[in-house]
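No lab work stands behind these numbers, since they all come straight from the coordinates. Note that the coordinates shown come from a computational prediction; the quantities given were computed from them, not determined experimentally. Positions of Cβ are backbone-derived with ideal geometry, glycine not excepted, and every protein chain shown enters the neighbour counts.
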Amino acid sequence: MRRFLAALLSIVLLLPTAAMAQMLLPGQAAQSKTEGLEIGTSTSEIAITSDFRGADLTIFGAVTNTDSLLLAIGQYDVVVVLEGPRENATVRRKERVFGVWMNTRSMTFEAVPHSYSMSSSRMLDDITTPLDLTDRGIGIDHIPLTPVGFVGNASNLGEFRQAFRRLQENGGLYDRDPSGVRFVSSSLFKASLRLPANIPNGVHTVRAYLFKSGNFITEKSVPLRVIKTGIEQMITDAAHSQPIAYGLVSVFLALITGWGASVVFRKD
Amino acid sequence: MTIYLPIAELSVNIFIILGMGAAVGFLSGMFGVGGGFLITPLLIFYNIPPVVAVATGANQVVASSISGAITHFRRGSLDLKLGTVLLIGGLTGATIGIWIFSLLRRIGQLDLIISLLYVVFLGTVGGLMLVESVSAMRRAAKNVPPTPRRPGHHHWVHKLPLKMRFKKSKIFLSVIPVVALGFGIGILTSVMGVGGGFIMVPAMIYLLRIPTNVVVGTSLFQIIFVTAYTTVVQAATNFSVDIVLAFFLMIAGVIGAQYGVRVGQKLRGEQLRALLGLLVLAVGLRLAVALVVTPADVYSVVMGAN
């Protein structure tokens with residue numbers, strides 16, 4: 001499975017670096033050039049089977065127009081994220097009521113990524129300020145969680161947000177790897193992202209962010225479609241697209257099984 | 001060996017599922033019950049989401065009841081007219097039950113209500129069975145003949161209006177309690193994933209005074225249609241019938257039932273009922289404990305809801 005993925009996702013790049021380097025004219029001020037960021041995947045689709053147990057996805061990229069001095073002292077940082085399709089998420093909290101644990105309070109967050117796998121060249125907090133991360137919504141702790149409707153108590157909000165992040169991370173849907181991005185040459189980097197076993201179907205987005213000396217420079221994103229295949233997925237699709245036929249087939253199967261057994265066992 | 005359940009969205013050990021199906025099938029054959037009230041809690045214990053456990057349980061009851069229903073239909077030991085009246089109530093109840101089910105799911109109280117209903121029903125039925133069978137065993141030991149129930153001619157049920165003649169059962173009975181009984185069982189089928197025979201049979205015998213020779217056939221007639229209907233409606237509204245899970249449960253269940261029947265014929269009635277009573281109580285107790293024990297995490301997340 002891993003080898004299959006790696007083959008599918010083997011890379012792009014390199015060309016821009018060389019091309020742009022040649023375009024620089026002699027005497028041009030080094031400060032005037034802005035760094036560029038390139039990432040790529042050789043495919044825009046990943047097909048996984050239903051028995052998928054999770055895998056690592058490797059993405060290559062290049063930083064162009066770098067200042068070699070700053071690069072040498074490690075002033076460039078890259079963050080790569082695989083963001084799942086956005087959906088509303090409801091967080092519920094249980095409390096003891098008459099001795100029984102029941103859900104008493106809930107909060108729904110608007111359009112949050114179903115999955116979020118991030119890798120970076122350093123710890124996020126060492127790359128830039130928390131304020132900047134929050135502004136751009138980078139990192140598990142900084143994904144914007146906007147509650148739907150009226151929120152009475154502001155302290156609840158923090159509690160629910162924290163619980164959501166913790167549960168998503170514990171469940172493997174949200175993942176972070178502060179050493180997942182490595183520079184393989186002066187401008188070429190390699191990011192490994194964890195695809196969880198329960199990765200949702202749909203259009204995901206690969207996003208890469210470039211920072212220089214703690215300042216955000218640029219970002220790049222490419223879509224990546226995750227498609228589940230196999231008989232189990234066919235069943236799931238049928239259950240959602242043809243629910244009545246699916247229900248009738250379930251009943252029919254039960255009738256055949258029950259009746260079949262009584263016929264088989266009558267003979268002996 | 002694990003298989004992936006597409007609707008429950010988790011991987012399970014196929015042998016545990018087959019074992020569960022076979023054990024419940026064995027018991028249902030031994031005691032002559034549908035087994036829905038055992039399979040649904042067992043699935044919940046095995047971390048199958050209650051939404052899926054209930055809908056799939058109803059589907060499994062179709063398989064475990066059909067051979068009995070065919071047998072009674074062939075022999076003619078059922079009252080078709082009475083069954084039809086029960087069914088009118090049953091289908092209405094199941095429809096409203098599905099609506100309640102979806103509502104509870106939306107407000108996040110479904111798991112709690114399912115567990116509470118099971119604790120109440122299993123506790124009551126298990127307790128009554130145990131008490132009844134133990135006193136029957138005591139009587140047998142003292143050689144006292146059981147006091148036959150006198151047919152109560154002045155029962156309140158028989159004073160209700162809208163009476164109808166049921167020829168096969170040889171009774172003249174108001175349709176109100178019949179429809180109401182079907183209605184209640186229909187709600188239980190869709191909310192708990194049970195056939196409801198364990199409540200319907202005693203209610204028909206003791207409350208409606210329907211002759212015992214048609215009771216089982218008639219209740220199976222109602223159960224087959226209501227569970228089949230519930231399966232289709234659950235699939236259409238909550239997308240929660242797991243056909244893969246149901247299939248393995250059914251296969252193991254119908255085979256287990258054949259052996260259960262053979263063992264059941266060798267045991268005495270009171271002993272059998274006492275055993276079933278204990279089992280039902282144990283399952284209810286296990287669910288009750290899960291309700292009061294402090295959960296590992298008080299928070300939970302549902303994606304894509306609302």
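Mean residue ellipticity, 222 nm, helices only, the protein assembly as shown: the sum of -39500 (n - 2.57) across DSSP H runs of n ≥ 4, divided by residue count and rounded to 500, is -17500 deg cm²/dmol. Distance from a point 7 Å along Cα→Cβ of A:ASN201 to each backbone N in region B:225-252: keep the residues under 17 Å and list them by number. Under cut-off, by backbone N: B:235-245.
Length gained on full extension, A:ASP132 to A:ALA111, computed as 0.36 nm times the residue gap minus the Cα-Cα distance: 5.5 nm.
Against chain B, whose longest principal axis comes from its Cα atoms, helix B:110-142 is set at around 40 degrees.
Applying a DSSP loop filter and a limit of 10 other Cβ atoms within 10 Å to the chymotrypsin sites (Phe, Trp or Tyr not before Pro) in region A:102-207 leaves A:PHE150. Distance between the 7 Å Cα→Cβ label points at B:ALA180 and B:MET1: 5.2 nm. Couplings for region A:205-220, taken from phi via the Karplus curve 6.51 cos²θ - 1.76 cosθ + 1.60 with θ = phi - 60°, read 10, 8, 10, 10, 10, 10, 10, 10, 6, x, 10, 6, 9, 7, 9, 9 Hz in order; Gly and Pro are left as x. The A:THR218 and B:LEU10 beta-carbon pair, evaluated with R₀ = 45 Å, returns a calculated FRET efficiency of approximately 0.65. If you wrap the Cα atoms of region B:1-125 in a convex hull and average its projected area over all directions, you get 9.2 nm².
Once the Cα atoms are used to define both axes, helix B:269-292 deviates from the longest principal axis of chain B by about 40 degrees.
Rounded to the nearest 10 degrees, the inclination of helix B:50-75 to the longest alpha-carbon principal axis of chain B is 30 degrees. Classified by the C-alpha gyration tensor, the protein assembly as shown has a prolate form. Its axis ratio a/c, with a ≥ b ≥ c, is 1.5 or above, and a/b is larger than b/c. Residues whose amide H lies under 5 Å from that of A:GLN75, counting only those 5 or more places away or on a different chain, are absent; hydrogens are built 1.01 Å from N in the peptide plane.
Placing dummy labels 7 Å off each Cα toward the beta-carbon, the span from B:VAL157 to B:VAL289 is 3.7 nm.
If you filter region B:159-261 for trypsin sites (Lys or Arg not before Pro), then keep DSSP loop positions with at most 11 other Cβ within 10 Å, what is left? Here the sparse-neighbourhood loop sites are B:LYS167, B:LYS170.
Within the protein assembly as shown, DSSP assigns beta bridges of which about 90% are antiparallel (rounded to the nearest 5). Each of A:ASN156 and B:GLU132 was given a label point 7 Å from its Cα along the Cα-to-Cβ line. The distance between the two points is 4.7 nm. Using R0 = 45 Å, the C-beta based FRET efficiency linking B:LEU207 and B:VAL298 works out to 0.60.
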